[in-house]
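Chemist: Questions regarding the structure given below will be posed in turn.
The numbers here are math on the coordinates, done by the rules we state, and not lab data. As the structure is a prediction and not an experimental result, all values here were calculated from the model. Here the Cβ positions follow ideal geometry from the backbone for every residue, glycine too, while neighbour counts run over all protein chains shown.
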Amino acid sequence: MSNITLEAKNITKYFHDPTTVKVLSDINFSVNKGDFVAITGKSGCGKSTLLYILSTMDTDYEGELWIDGESMVSRKEFELAKVRNEKIGFVFQFHYLLDEFSVLENVMMPGLKLGKHSAEEVENRAMEKLKMLGIEDLALKPSNQISGGEKQRVAIARALINDPQIIMGDEPTGNLDQKNSQIVFEVFKQLAEEFKQTLLIVTHDQSFANRTHRIINMEDGKIVV
Amino acid sequence: MNIKLIIKIAKSLLLARFKQTLIAAVGVTFSISMFIALLSFMAGLNDLLDGLLLNRTPHVRLYNEIQPNIHQPIYSQFDTNITHNFIHSIKSAVSRQEIYNSPAIIRTLKKDQRVMGIAPKIITPVFFNDGAIDITGVVNGIDIQSEGKLFHFNEYVTAGEPADIERLSNSIILGKGLADQLLANLGDVVQVATINGDRFPLRVVGFFQSGMQDLDKTQSYASIATVQKLKEKPNNYITDIQIKLNDLAKAPEIAKDYARLFDIDAVDIQTANASFETGSFVRTLISYAVGVVLLIVAGFGIYNILNMMIYEKMNTIAILKATGFAGIDVQKIFLVIAMSIGFFGGLAGLILGFGLSAIIDQIPFETPSLPSVKTYPVSYNPSYYVIGAVFSLITTFLAGWFPSRKASQVDPVVIIRGK
Ligand SMILES: Nc1ncnc2c1ncn2[C@@H]1O[C@H](COP(=O)(O)OP(=O)(O)OP(=O)(O)O)[C@@H](O)[C@H]1O
Ligand SMILES: [Mg+2]
């Protein structure tokens, strides 16, 4: 049994609009189970682009992506959707919640989609996650009536609902003030250390990166250690 | 798969844009209700007009046509395979109009499973004398029981008692137009002359109004016995046998059967009235066309609302996809939205359409030519409701298909980046 959760092999990506530009060239790295990894680099160096590929949402690339021992290359759209649902939790920079639903329903949504547990079980699990993040009081609030920091914690709870192999974040603290950033970082740290959750977080925040277990530094579409 | 979740999400999206969806649904409701009302009314009208004809027309009529003998003597001398015979000025033979052996034919017909009922008849041309002038007309000798049962004769008798022609000897029911020309009132006696010149006084016991004025100016009815007396014929003399079948559509086939079997002329209703179905067909076609056009307009309404909704809900679609919903799930969500607009809008439309039909059914519609009709005719045929429901679902499905496909193809990366 290999210990590798995610592996990128020779990933190269071009944008063709307006001219053909190579944004990622020959990215090779792997993330082990339980790793807490930060990706840093200057603005425009291709961090987000890489993360969208790693999260299987972007399929227009060259090279290989392995998640949980399975290749993601030339998989069907619905198969990739299933992988995202089951094995990846995603936290965005902007707190993307579904405004039409309550906090609890937002957290439950990927769990209901997975259909592994009954609706009641999913609800219990969602409440557990919210409790773990200290926001169980917000459960029944409409998701557009809570603060930015709270939204980000709801998004983390949602990312956790299906016990994913890996949680990915694209500057999850980028849009938060100092205090809320601190809270969110503490949540990640707790997840990594107490629950051995694998985390791959893109960040601009050097102090955030320094406190993770490992930093992948990027420059002009390449990894520079 | 996860249909409950998909419906739940569809419901939330729909309720978030409740006003617009309501407007789209009202569009469907409007078109379906118009469709139902229009079709019910048109069908009612068709039934009425068809009834005018069908009620009084036998499905098959047996009679003897006056025509030249098809076996001309020369044919027995010179075989037409070898020679070509020219015969000039052939005249119709003095053939009898009487149906030979009519009691036997009637007995056979009564045993036939395909026959609903039969009514014997004598048709004879006469003159009605009114002072100095003669008015040409026709006396129909009828059996009042079977004529009433099969051809609703009694409904068209506007004054007097139809059964009186059977009970009172030498009595007659005159067409209203004819009676007006003769200045005849109930109880008056009119003079009837046969072609041979014999005169008969007949007592007027009723008036008859068919809805077709030309008919009412010439037709009159008496009992078979009276007409037999008029023509000085024995009591098995009849000229027509009118047959009503259980299945109207079989009339042409059965007419051919009887013509061969009884060696007689037989005409079926389809041949005798080839044009009447065209009118019904055109009216039905127009109703369907209007209904379908209305539905297409409603379909565009749904299409617009859905496109707008998808545009507004790009973020929602992106999040759903990022958290593991496949394109097909997203498509199902928006299809459910479209179909529920169609379902609820259509259901309301069916109910409203029924209401409209019921209202039309109450509007007074009185015409002298149709004494039995008091309000506008409406048909409550359930098949229109089924068609309306199916149409509304199909239209909304099609209207929802393209927007929902678009939604399913939203690239979450583009949306997430774009924020
Ligand atoms: N859709 C696109 N078409 C063409 N070029 C693009 C597209 N999206 C991004 N780029 C370019 O690709 C490069 C990498 O972009 P990316 O968003 O990955 O950078 P980043 O490292 O995440 O930057 P930041 O730290 O500011 O978020 C940039 O130069 C950007 O302009
Ligand atoms: Mg970025």
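Chemist: Find out how many positive minus negative residues lie around residue A:125, taking Lys and Arg as positive, Asp and Glu as negative, among other residues whose Cβ is under 13 Å from that of residue A:125.
Modeler: Net of charged neighbours comes to -2.
Chemist: Quick one: order B:303, B:311, A:96 by neighbouring beta-carbon count within 10 Å, fewest to most.
Modeler: Ascending number of Cβ neighbours within 10 Å: B:311, B:303, A:96.
Chemist: List the residues of the range B:335-370 whose backbone N lies under 18 Å from a point placed 7 Å from the Cα of residue B:380 along the Cα-to-Cβ direction.
Modeler: Once the point is set 7 Å along Cα→Cβ of residue B:380, B:349-364 turn out to lie under 18 Å by backbone N, inside the range B:335-370.
Chemist: Here's a follow-up. Given the rule -39500 (n - 2.57) for each run of at least 4 DSSP H residues, summed and divided by the residues of chain A, what is its mean residue ellipticity at 222 nm, to the nearest 500 deg cm²/dmol?
Modeler: Roughly -11000 deg cm²/dmol at 222 nm, from the helical runs in chain A.
Chemist: Describe numerically, in nm with one decimal, the distance between label points set 7 Å from Cα along Cα→Cβ at residue B:259 and at residue A:19.
Modeler: Output for this residue pair reads 8.9 nm.
Chemist: With unit charges on the beta carbon (Lys/Arg positive, Asp/Glu negative), name the residue among B:389, B:274, B:84 whose Cα is farthest towards the positive pole of the charge dipole of chain B.
Modeler: B:389
Chemist: Debye sum, Cα scatterers, the range B:158-247, no solvent: what log₁₀ I/I(0) at q = 0.10, 0.13, 0.20 1/Å?
Modeler: At q = 0.10, 0.13, 0.20 Å⁻¹ the computed log10 ratios are -0.27, -0.46, -1.01.
Chemist: Would you mind working out the magnitude of the charge dipole of the protein assembly as shown relative to its Cα centre, with +1 at each Lys and Arg C-beta and -1 at each Asp and Glu C-beta, to the nearest 20 Debye?
Modeler: Values: 62 positive and 66 negative charges, 181 e Å.
Taking the Cα centre of the protein assembly as shown as origin, the dipole is about 880 debye.
Chemist: Still on this structure, I have one more. Hey, fewest Cβ within 10 Å first, where do B:215, B:38 land in order?
Modeler: B:215, B:38
Chemist: Percent of alpha carbon pairs in the range A:4-224 separated by more than 32 Å? Could the numbers behind the result be given before it?
Modeler: Values: 4001 of 24310 pairs.
Summing the P(r) tail past 32 Å for the range A:4-224 gives 16 percent.
Chemist: By count of other Cβ within 10 Å, fewest leading, how are B:63, B:380 ordered? List each step's numbers first, then the result.
Modeler: Working: B:63 19, B:380 14.
Fewest-to-most Cβ neighbours within 10 Å comes out as B:380, B:63.
Chemist: Once you have the Kirkwood Rh of the range B:250-391 from its Cα pairs, apply Stokes-Einstein at 25 °C and 0.890 mPa s and quote D in µm²/s.
Modeler: Details: Rh = 20.6 Å.
Estimated diffusion coefficient is 119 µm²/s.
Chemist: Please compute the modelled spin-label separation between residue A:141 and residue B:7, points set 7 Å along Cα→Cβ, answer in nm with one decimal.
Modeler: 3.2 nm
Chemist: How many partner chain Cβ atoms sit within 10 Å of a residue's Cβ in peptide A:96-105, on average, as a whole number? Let's see the in-between values first.
Modeler: Details: counts 10, 3, 9, 6, 10, 5, 0, 0, 0, 3.
Partner-chain Cβ atoms within 10 Å, mean over residues of A:96-105: 5.
Chemist: Considering only C-alpha atoms, what is the centroid distance from the range B:378-419 to the range B:221-282, in Å?
Modeler: Taking the Cα centre of the range B:221-282 as reference, the centre of the range B:378-419 is 53 Å away.
Chemist: A further question on this structure: Determine the alpha carbon to alpha carbon distance for each of A:141/A:189; A:13/B:406; A:82/A:113 and list only those over 18 Å.
Modeler: A:141/A:189; A:13/B:406
Chemist: Label-point separation (nm) for residue B:393 and residue B:80, each offset 7 Å from Cα along Cα-to-Cβ?
Modeler: Label-label distance for residue B:393 and residue B:80, simple model: 5.9 nm.
Chemist: Straight-line reach from residue B:231: which lysines fall under 20 Å, measuring Cα to Cα and dropping same-chain residues less than 8 apart?
Modeler: Candidates past the 8-residue exclusion: B:121.
Chemist: Mind jotting down the distance between the C-alpha centroids of the range B:90-136 and the range A:122-151, whole Å?
Modeler: Between the Cα centre of the range A:122-151 and that of the range B:90-136, the gap is 93 Å.
Chemist: Here is a follow-up. Picking from B:58, B:293, B:68, whose Cα lies most toward the positive end of the charge dipole for chain B (charges on Cβ: Lys, Arg +1; Asp, Glu -1)?
Modeler: Result: B:293.
Chemist: Using only the alpha-carbon atoms of the range B:322-388 as identical scatterers, what base-10 log of I(q)/I(0) does the Debye formula give at q = 0.17, 0.21, 0.28 Å⁻¹?
Modeler: For the requested q values the scattering log ratios are -0.75, -0.90, -1.12.
Chemist: Starting from the exponent 0.38 and prefactor 2.2 Å, build the expected Rg for the range A:1-81 from its residue count and divide its actual Cα Rg by it.
Modeler: 1.12
Chemist: Same structure again: Relative to a virtual label point 7 Å from the Cα of residue B:16 in the Cα→beta-carbon direction, which members of the range A:90-105 show backbone nitrogen distances below 13 Å?
Modeler: The answer is A:96-103, whose backbone nitrogens lie closer than 13 Å to the label point.
Chemist: Taking a quarter of the surface of the convex hull around the Cα atoms of chain B, what do you get in nm²?
Modeler: Numbers: hull surface 131.9 nm².
So the Cα hull casts an average projection of 33.0 nm².
Chemist: Sticking with this one: Please give me the summed charge of the neighbours of residue B:62: other residues whose Cβ is under 9 Å from its Cβ, Lys and Arg +1, Asp and Glu -1.
Modeler: Spelling it out: positives minus negatives among the neighbours equals -1.
Chemist: Over 20 Å intervals from 0, what percent of Cα-Cα pairs in the protein assembly as shown sits in each interval?
Modeler: Values per bin, smallest distances first: 15, 28, 17, 14, 16, 9, 0.
Chemist: Rounded to the nearest 20 debye, what is the charge dipole size of chain B about its Cα centre when +1 sits on each Lys and Arg Cβ and -1 on each Asp and Glu Cβ?
Modeler: Here chain B has a charge dipole of around 2420 debye.
Chemist: Using alpha-carbon pairs under 8 Å, 6+ residues apart, how would you state the relative contact order of chain B in percent?
Modeler: Reported as a whole number, the value is 28 percent.
Chemist: Let me ask you something else. Placing +1 at every Lys and Arg Cβ and -1 at every Asp and Glu Cβ, with all other atoms neutral, what dipole size does the range A:4-224 have around its Cα centre, in debye to the nearest 20?
Modeler: 300 debye
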